[in-house]
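One structure below.
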Amino acid sequence: MTTKMKLQRPEPAEIQHKNMRFLITDRPTDATIEGYIEELKKHGAKDVVRVCEPTYTTEKLRSQGIRVLDWEFDDGSPPPNKVVEDWFGLLKTRFREEPGCCVAVHCVAGLGRAPVLVALALIEGGMRYEDAVELIRRKRRGAINSKQLSYLEHYRPKSRLKLRGNGNKQCTLM
């Protein structure tokens, strides 16, 4: 008798820093989308950033008021500049409109591309890259490969998650 081994994926991981909240997950499918929607609702996520090839249709998410943004990039690689710019644009808008809300992000297993985007946000939020990686790895064991780690090590924050207030004052959105 042969028993199929089910691939164990990590549980969805909420990562929080200052007023930012992220939910890192593996990818859902049309067969698992209902449970995925429940998980998103539990965390209050209204945006899903999909950085891998589509494995589900987005109609059920949209009908629940959840927006899906497709920013696919190569597995095992750091994100291209366009994805990084779009990511920070989303975060600035979302965290300004709803401080403390949650943004969901997923790749295939939730161990590479998605955690790298969250790490970038944490670094922009003032965390050292080592601390950002450690925080994510505590909840997503095996997250972030050596190529992505090198990218994060050399990444320099550009205050992209700050907004200009009135006058010369700056208001940080974290």
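Below is a table of values for the structure above.
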| quantity | calculated |
| --- | --- |
| Theoretical FRET efficiency, 1/(1+(r/R0)^6), r = Cβ-Cβ of residue 146 and residue 86, R0 22 Å, to 0.05 | 0.30 |
| Förster radius 35 Å - calculated FRET efficiency between residue 74 and residue 158, Cβ distance, rounded to 0.05 | 0.90 |
| Helix axis angle, 129-139 relative to the chain longest principal axis, alpha carbon, degrees | 30 |
| Computed helical MRE - 222 nm, the chain, DSSP H runs ≥ 4 contributing -39500 (n - 2.57), nearest 500 | -11500 deg cm²/dmol |
| Given charges at beta-carbon only (K, R positive; D, E negative), |dipole| of the range 13-156 in Debye | 400 |
| Estimated FRET transfer efficiency (residue 14, residue 63; beta-carbon r; R0 30 Å; 0.05) | 0.80 |
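Throughout, read-outs are computed from the coordinates displayed, never taken from laboratory work. Remember, it's a predicted structure, so these values are computed and weren't measured experimentally. Every residue, glycine as well, gets a Cβ built from its backbone with ideal geometry; the counts of neighbours run over all protein chains shown.
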